[in-house]
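See structure below.
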Amino acid sequence: MDKDLALLILSSCYRSTRDLANISTLAAQHCHSHDAKALRTAVANATYDIMENIAKYVAQRCPEAQAEVEGRLAKYEQAF
């Protein structure tokens, strides 16, 4: 896997998890606590799956992309 493809995949992973986090915020603001808790759990599980199964795999296959992401995180506190 080349670096450009790896960065595109990692970008999608990070973007997806950010979008999922918005569900937690909306649920906390507009749902009953039981629903909000269930949605937060579902979001946490989905986020873990994305980052553990996709992002971790890509990072292992393309260490130079992972190094670039880590550099961005250190410098800007966000990857994409």
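Taken together, the values in this text are just the output of simple stated rules run on the coordinates, not laboratory data. Quick caveat: nothing in here was measured; it's all calculated off a predicted structure. Reconstructed Cβ throughout: ideal geometry from the backbone, glycine too, with neighbour counts over all protein chains shown.
Just a yes or no: is a residue in region 60-76 in a helix (DSSP H, G or I) and touching a Lys or Arg at 6+ places or on another chain (Cβ under 7 Å)?
yes
Would you check if residue 14 is without any contact (Cβ under 8 Å) to a residue 24 or more places away in the chain, assigned to a helix (DSSP H, G or I) and either loosely packed, with under 14 Cβ neighbours inside 10 Å or not acidic (Asp, Glu) (or both)?
When the stated conditions are applied, residue 14 does not pass them.
Does region 30-62 hold any residues that are surrounded by fewer than 16 Cβ atoms within 10 Å (Cβ to Cβ) and polar (S, T, N, Q), and which are they?
Passing the criteria: 33, 41, 45, 53, 60.
Out of 65, 79, 42, which single residue is free of Cβ contacts under 8 Å to residues at least 40 places away in the same chain and not β-branched (Val, Ile, Thr)?
When all the criteria are applied, what remains is 42.
I'd like to verify a number: residues in region 1-21 that are closer than 21 Å to residue 41 by Cβ and either out of contact with any helix residue (DSSP H, G or I) (no Cβ under 9 Å at 6 or more places or on another chain) or among the hydrophobic types (A, V, I, L, M, F, W, C) (or both), how many?
Selection size over region 1-21: 5.
Would you call residue 75 surrounded by fewer than 13 Cβ atoms within 10 Å (Cβ to Cβ) and over 13 Å from the mean Cα position of the chain (by Cα)?
Spelling it out, residue 75 is indeed surrounded by fewer than 13 Cβ atoms within 10 Å (Cβ to Cβ) and over 13 Å from the mean Cα position of the chain (by Cα).
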